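**Student:** Got a structure for you, written out below as structure tokens; questions coming shortly.
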Amino acid sequence: MSRPISSDKTARDLHRLDTDGAEGSGPIVGGRHGKHDALPLMSGIDRYTDDITLPRMLHCKLVRSPHAHAKIIAIDTSGAEALEGVHAVVIGSEMPIPYGVIPWTPDEHALALHKVRFVGDPVAAVAAVSEEVAIEACRRIVVRYEVLEALVTPQAALARADLKIHEDNRHGNITKHVHLEFGDVDAALAAAALVVEGDYQFHGSTHAPIEPHCAIASVDGKGLLTVWSATQVPHYLQRELAKVLELPMRQIRVIQPAVGGAFGGKSEPFALEFCVAKLAFKTGRPVKCLYTREEVFLAHRGRHPFDMHYRTAFAADGKILAIDAKSLLDGGAYSSFGLVTTYYSGQLLGAPYRFPTYRFDSTRVYTNKPACGPKRGHGSVQPRFALEVQLDKASRTLGLDPIELRRRNFIGENSVTINGFHIGSNGFLQCLEAVVQASGWAEKWGKLPRGHGIGVAGSCYISGTNYCIYPTELPQSAVQMCLDRSGRVRVFAGTSEIGQGSTTMLAAIAAQELGVELDDVRVLAADSDLCPVDLGAYSSRITLMAGNACLTAARTLGDKIRDILAQLWGIPAADIRLEHRRAFSLTNPQVWMPIQEAFIITESKLGLLGSTGSYTSPQSAVHGDYRGGTIGASPAYSFTAHIAQVQVDEDTGEVTIEHIWCAHDCGHAINPVLVEGQIEGSVYMGAAEAVMEHHDTLPSGLRTDGRRRDSGPGVDGLLMASSLLDYRMPTSLDVPQLTALIVQAPDPRGPYGAKEAGEGPLHSAIPAIANAVFDAVGVRIDNLPISPEKVLRGLRNQAGRKPC
């Protein structure tokens with residue numbers, strides 16, 4: 001095979017060129033590749049935050065409240081300060097500025113100032129030479145409290161406007177109320193052939209990542225603060241550190257090391273990050289804080305418990321005429337993402353089905369429990385459960401196959417939801433068909449023996465939020481890219497790799513566009529000093545937003561290389577392809593050179609080969625023009641269908657999930673292996689929430705042993721499960737058979753048409769399981785989780801009732 005010989009002495013003489021152009025085969029984007037960073041993680045080369053040890057490093061521990069609701073009368077730290085090995089103590093008055101990830105609801109302090117609001121609310125922090133000394137110092141800090149009545153249910157908090165959990169809140173204990181109505185809902189309900197009405201309860205659950213929260217802070221001689229944190233939002237952490245510590249952002253560097261899972265639980269700042277930073281300034285030494293597993297449960301920010309009342313109107317042919325939804329959200333002690341959650345509880349229900357009228361009324365309240373926040377599928381998993389069970393009930397009453405009912409209500413592609421969100425590509429019908437065929441639905445639905453059942457559900461989710469959490473006209477994501485003379489590509493991105501594969505996605509795009517292999521790309525991410533801003537790993541935003549930014553940067557460099565080679569070879573730039581370490585002519589494959597040489601030649605003509613790319617979401621034509629119309633708007637939407645098959649033991653009430661089929665429309669699978677992994681992980685989490693997981697506190701008046709308390713305050717709000725021993729999660733022995741099916745309906749707003757795959761595949765797993773339980777034994781479990789006790793109770797109450 002021949003190639004033109006360059007007359008460029010730099011390319012010819014100064015470098016040993018890599019001519020192994022035949023190593024790769026097939027496309028990189030769309031090819032089945034492993035994770036780009038798998039080997040460093042598996043071999044222990046990558047370091048998690050707790051793996052980092054700095055010279056002279058101190059250890060931090062927190063003093064936490066034993067009461068769910070109490071005023072702080074006094075804090076005596078003298079006993080701790082007198083203990084040998086203690087270097088500093090910090091209390092809330094030293095960091096009095098409130099913070100919050102949502103700028104309109106800053107209601108938290110790094111350490112409680114005048115009041116504690118849940119069992120575990122941090123009150124003080126200690127830095128000492130070891131964790132053991134720090135723990136003993138915490139024991140010696142004396143906090144005097146005036147215990148107040150605890151409000152541990154949303155109903156109690158809603159009713160007690162006289163007892164405010166946050167005294168400065170103008171609306172009692174309500175953190176956010178949203179009421180939106182589209183069309184004449186009442187008229188549609190009155191004219192409907194069928195109205196399905198039901199009450200649904202969705203329980204709280206937590207993220208339970210394998211890696212606990214951890215943070216380290218160090219201050220150099222010039223006052224530069226560096227914070228290493230197991231966070232999924234380095235940029236927001238940097239902003240809030242600057243605010244609370246009253247420092248300019250340029251004086252703060254945030255680095256995200258490898259993260260051992262997050263699922264939304266690390267998507268905002270926490271007390272430990274502020275405390276290690278403050279203590280590092282006070283002591284002049286690095287300070288580390290590692291949460292215990294119990295502290296992770298207390299930090300929480302998990303799934304909001306919902307109480308929901310739904311009315312859904314149908315025509316005789318099964319078409320949805322109206323949805324009327326009312327929800328009460330248990331927000332816990334602080335706002336967290338709650339403003340957004342309250343909107344999401346209704347705004348994200350407008351697809352994949354079309355309906356002409358819609359009303360939702362959602363109220364989020366404070367309670368004296370750990371704060372709820374964003375867990376995988378933030379804000380829309382709970383209402384999706386209610387709606388999909390409603391559809392199943394309607395299909396039974398109308399005598400329709402549940403699949404057919406969903407087909408008849410399909411909203412279509414390039415459509416607009418009732419609340420004004422613009423849908424681009426939509427592969428929901430293909431998702432339905434894929435799970436129907438894979439599961440053998442037609443041979444099973446309504447035909448399995450008693451005790452065995454099958455159920456279906458569908459869903460939709462966002463591919464990133466259209467607007468930043470804080471008001472800005474700046475890009476939501478940016479990438480810097482540089483080509484090296486060695487033939488390598490360096491990508492600098494602020495993206496947060498939390499196990500979802502964002503690093504692999506960026507590497508694949510760079511490799512595809514610049515003609516190198518995956519191993520030739522190095523992604524440097526999540527370091528505020530080295531990387532441009534990306535807003536973080538939440539709302540399934542990185543593939544679409546950072547992917548587009550990366551694509552822009554890579555194509556800019558690719559165009560430069562093709563332009564120079566076109567001049568050199570005397571052919572059109574459009575005739576040149578960069579692929580698998582080669583640059584070559586499409587019309588004359590004998591004309592080629594190694595990609596390394598192409599890099600060198602281009603650099604010799606143009607200088608250092610660098611480029612940038614950024615992504616700003618569309619600011620119009622994607623949402624309605626009304627208050628709250630931007631919240632939930634997304635550049636693109638993914639779609640999912642689940643079918644679950646279960647077995648129910650009528651003697652014990654135990655539900656065994658035998659098989660779940662999930663088809664997910666991800667637009668275009670940049671890496672099918674990772675998409676399948678995200679589908680399987682999402683389905684696993686959904687199944688766990690359906691039948692096992694439950695994050696809650698002791699009911700009012702109970703002792704820790706479950707007996708009634710005769711008198712005395714202070715027990716309300718204690719976690720029922722604060723360890724992985726007590727918090728029920730599926731092990732490998734409990735996981736059902738999972739079938740992940742990729743549906744590709746490319747969306748023009750995504751890179752190569754890609755949409756999200758990290759959260760959408762969770763939603764409809766839960767109602768599919770609930771619908772399968774009904775198909776098996778005729779029992780509706782409308783309050784999660786589906787426990788053996790609830791199934792047995794339903795079976796006992798079954799006689800004389802007409803199933804629906």
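**Student:** Ratio of alpha-carbon Rg to the 2.2 N^0.38 Å globular estimate for the chain, to two decimals, please. Intermediate results must be reported in sequence, preceding the final value.
**Tutor:** On the way: Rg = 27.9 Å, N = 804, 2.2 N^0.38 = 28.0 Å.
Compactness ratio reported: 1.00.
**Student:** Still on this model: Which order do peptides 190-197, 667-674, 492-499 fall in by mean Cβ count within 10 Å, highest first? Don't skip to the end; give the middle numbers.
**Tutor:** On the way: 190-197: 15.1, 667-674: 23.5, 492-499: 26.8.
Highest to lowest by the protection proxy: 492-499, 667-674, 190-197.
**Student:** Also: Can you list the lysines whose alpha carbon is less than 19 Å from that of Lys444, not counting same-chain residues fewer than 8 positions off?
**Tutor:** The qualifying lysines are Lys393.
**Student:** Right, something else. Working from the pairwise distances between different alpha carbons, so that the mean of 1/r is found and then inverted, what is the range 635-703's Kirkwood radius in Å?
**Tutor:** 15.0
**Student:** Leaving out ligands, DNA and RNA but keeping every protein chain, what accessible area does Phe297 have, in Å² rounded to the nearest 10, with a 1.4 Å probe?
**Tutor:** 0
**Student:** Using mean Cβ contacts within 10 Å as the protection proxy, how do 128-135, 781-788 order, highest first? Show your work: numbers first, answer last.
**Tutor:** Values: 128-135: 17.8, 781-788: 20.4.
Peptide ranking by packing, descending: 781-788, 128-135.
**Student:** I've got another one for you. Quick check: Cα centre of the range 101-128 to Cα centre of the range 162-191, how many Å?
**Tutor:** 27
**Student:** Take Met249, Met720 and sort them by solvent-accessible surface of the protein heavy atoms, 1.4 Å probe, largest at the top.
**Tutor:** Final ranking, largest accessible area leading: Met720, Met249.
**Student:** Go through Ser723, Ser395, Ser614 and list them by solvent-accessible area, largest first, probe radius 1.4 Å.
**Tutor:** Details: Ser723 35, Ser395 0, Ser614 65 Å².
Result, largest first: Ser614, Ser723, Ser395.
**Student:** Oh, and also: Please give the Cα centre distance for the range 232-307 versus the range 520-574, rounded to the nearest Å.
**Tutor:** Distance between centres, Cα-based: 30 Å.
**Student:** Could you tell me what percent of the accessible area of the chain is made up of carbon and sulfur, with a 1.4 Å probe and every protein chain present?
**Tutor:** On the way: 15080 of 29560 Å².
With neighbouring chains kept in place, the figure for the chain is 51 percent.
**Student:** Using Cα centres only, tell me the gap between the range 345-415 and the range 25-48 in whole Å.
**Tutor:** If we compute the Cα centre of each part, the gap is 36 Å.
**Student:** A follow-up question, please. Long-range amide H contacts for Ser764: which residues qualify at under 5 Å (H placed 1.01 Å from N, peptide plane, sequence gap of 5 or more or a different chain)?
**Tutor:** Correct list: empty.
**Student:** Restricting attention to the alpha-carbon atoms of the range 473-609, what are Rg (one decimal) and Dmax (integer), both in Å?
**Tutor:** 15.5, 48
**Student:** Tell me the per residue accessible area of the chain using a 1.4 Å probe; a whole number in Å² is fine.
**Tutor:** Each residue of the chain exposes 37 Å² on average to a 1.4 Å probe.
**Student:** Give me the accessible area of Phe774, 1.4 Å probe, in Å² rounded to the nearest 10.
**Tutor:** Looks like 10 Å² after rounding.
**Student:** Taking N as the number of residues in the range 101-162, what is its Cα Rg relative to 2.2 N^0.38 Å? Provide the component values of the computation, followed by the final result.
**Tutor:** Working: Rg = 15.8 Å, N = 62, 2.2 N^0.38 = 10.6 Å.
Relative to the rule-of-thumb radius for its length, the range 101-162 sits at 1.49.
**Student:** For the range 195-273, what is the convex hull volume of its Cα atoms per residue in Å³? Don't skip to the end; give the middle numbers.
**Tutor:** Values: hull volume 10.8 nm³, N = 79.
Given the Cα convex hull of the range 195-273, per-residue volume reads 137 Å³.
**Student:** Same structure, new question: May I ask you to list the lysines whose Cα is less than 26 Å away from that of Lys560, ignoring any residue fewer than eight positions away on the same chain?
**Tutor:** Qualifying lysines at Cα under 26 Å: Lys9, Lys605.
**Student:** Excluding residues on the same chain fewer than 8 positions from Lys447, give the aspartates and glutamates whose Cα lies under 12 Å from its Cα.
**Tutor:** Asp775
**Student:** In the structure displayed, which of Lys71/Lys288; Lys288/Lys375; Lys222/Lys266; Lys176/Lys243; Lys176/Lys326 lie more than 18 Å apart, Cα to Cα?
**Tutor:** Numbers: Lys71/Lys288 29 Å; Lys288/Lys375 26 Å; Lys222/Lys266 30 Å; Lys176/Lys243 24 Å; Lys176/Lys326 14 Å.
The pairs that break the limit, which is 18 Å between Cα atoms, are Lys71/Lys288; Lys288/Lys375; Lys222/Lys266; Lys176/Lys243.
**Student:** Given that compact globular proteins tend to follow 2.2 N^0.38 Å, what is the ratio of the alpha-carbon Rg of the range 354-396 to that value? Let's see the in-between values first.
**Tutor:** Working: Rg = 14.1 Å, N = 43, 2.2 N^0.38 = 9.2 Å.
After normalising by residue count via 2.2 N^0.38 Å, the value is 1.54.
**Student:** Could you work out the percent of alpha carbon pairs in the range 310-349 separated by over 11 Å, rounded to a whole number?
**Tutor:** Numbers: 557 of 780 pairs.
Every Cα pair in the range 310-349 considered, those over 11 Å come to 71 percent.
**Student:** How much solvent-accessible surface does Arg450 expose, in Å² to the nearest 10, with a 1.4 Å probe and all protein chains in place?
**Tutor:** The accessible area of Arg450 comes to roughly 130 Å².
The values are calculated or read from the model by the stated rules, or taken from the named source; none is laboratory data. No experiment lies behind these values; they were computed from the predicted model shown. Reconstructed Cβ throughout: ideal geometry from the backbone, glycine too, with neighbour counts over all protein chains shown. Keep in mind that these areas ignore ligands, DNA and RNA; they rest on the heavy atoms of the full protein, side chains included. Shrake-Rupley method; radii C 1.70, N 1.55, O 1.52, S 1.80 Å.
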